[in-house]
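Here is the structure we will look at.
Read-outs: derived from the displayed coordinates by stated rules, not from any lab. What you are looking at is a predicted structure, and each value in this text was computed from that prediction instead of being measured. Cβ: placed from backbone, ideal geometry, glycine included. Neighbour counts: every protein chain shown.
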Amino acid sequence: MRPIHVPAAIAAAFILASCAAQPIAPTAQRIYALDCGQNSALDQSRWSPGVNAGVPIVLSDNCYVIRHAKGVLLWDTGYPDALTGKSQTGALGTATRAKSLAAQLAEIGLKPSDVNLVAVSHTHGDHVGNVAMFAGSRILIQRAEYDWAFGAGRTAPFPADVKVEKLDGDLDVFGDGSVMILSTPGHTLGHQSLRVRLAHTGTIVLSGDAAHFRDNWENRRVPSMNTSADATRASLERIAGVLKAENGTLWINHDLPQSRSQRRSPEFYD
């Protein structure tokens, strides 16, 4: 039997048709990285026990706006806007905020009322300082985190009358797999991270405080204040698995060198 020769044009058309038939994973439209403050910390070893004891470190603090066809999500809210242009010194160091969250939202055409969803990685003050600004938004937080933070004898991290949605694990935020909250406890009881898929940039995982800076991530060091070392390590391995499976990039919230290397809002990644 003679071999059958398919004309090149027909073969090319067949290949294109086959590719077109493959489902395309949904993606978010854009992500903006906002400057939500800095902390000039006195002792790096608080976050990396036994390493660089007494050595100061400057930690970045970021917020992120994710635009999606179905709405706008703000990830973390940073230090309070009331700190803008000022400084506040505490036991850990000196916190500052150069630019308000409200001003940075305005730069990309948003008012707080335009933000449908606010997800907080956890309830430490450098992540929830502006939750009250979004009284009309759904606040996404793990149930374990909320119950701990608002427990008897504790100072509430934000007003209790905001519209909270308590989560029990992962959440597909927009229902299409493009933006996924990942339950990553350990730093706190109900810590969570965020996985975002973008058409050109690919997969990004926003760390929250699962890891504080690159050296801790690479060496799997657990900060002394974390609620569970075992849960922290398990969460780090979970994040590593997501990054490997999707060839993703980890954006470490408090890693100043990485933050400085990123496009900053109003520029964006898509």
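Details
- Look at the dipole of the range 25-261 built from charges on Cβ: of 192, 252, 49, the Cα furthest out on the positive end belongs to 252.
- Values of log10 I(q)/I(0) for the range 61-179 across q = 0.15 Å⁻¹ run -0.70, by the Debye formula with one identical scatterer at each alpha carbon and no solvent.
- Simple point charges give the picture: +1 on the Cβ of Lys and Arg, -1 on the Cβ of Asp and Glu, and for the range 67-163 a dipole about the Cα centre of about 140 debye.
- Amide N of the range 89-108 lying under 20 Å from the label point, which is placed 7 angstrom from the Cα of residue 40 along Cα→Cβ: 89-100
- Footprinting exposure proxy ranking of 244, 99, fewest other C-beta atoms within 10 angstrom first, gives 244, 99.
- Helical content of the chain, expressed as a calculated mean residue ellipticity at 222 nm, amounts to -6500 deg cm²/dmol (DSSP H runs of 4 or more residues, -39,500 (n - 2.57) each, divided by residue number, nearest 500).
- Taking the C-alpha atoms only, the angle from helix 8-21 to the longest principal axis of the chain is near 40 degrees.
- Sequence-distant lysines (8 or more away, or on other chains) whose Cα lies within less than 26 Å of residue 111: 70, 86, 99, 163, 166
- Percent of beta bridges antiparallel (DSSP, the chain, rounded to nearest 5): 70 percent
- Simple label model, 7 Å out from Cα along Cβ direction - residue 135 to residue 247, nm: 4.8 nm
- Backbone HN-Hα couplings from phi across the range 154-161 [Karplus 6.51/-1.76/1.60, Hz, Gly and Pro as x]: 9, 7, 4, x, 7, x, 6, 8
- Dimensionless Rg over Rh [the chain; C-alpha; Kirkwood]: 1.06
- Straightening the chain between residue 227 and residue 58 buys 58.5 nm, computed as 0.36 nm per residue apart minus the Cα-Cα spacing.
- Alpha-carbon centroid distance for the pair the range 206-229 / the range 64-131, whole angstrom: 22 Å
- In terms of other Cβ atoms within 10 Å, 165, 218 run from fewest to most in the order 218, 165.
- Cα centre as origin, Lys/Arg/Asp/Glu Cβ charges: the chain dipole, Debye: 400 debye
- Ordered by the count of other Cβ atoms within 10 Å of each Cβ, fewest first, 48, 193, 87 give 87, 48, 193.
- For the range 107-130, the residues whose amide N sits under 14 Å from a probe point set 7 Å from the Cα of residue 154 along the beta carbon direction are 121-125, 128.
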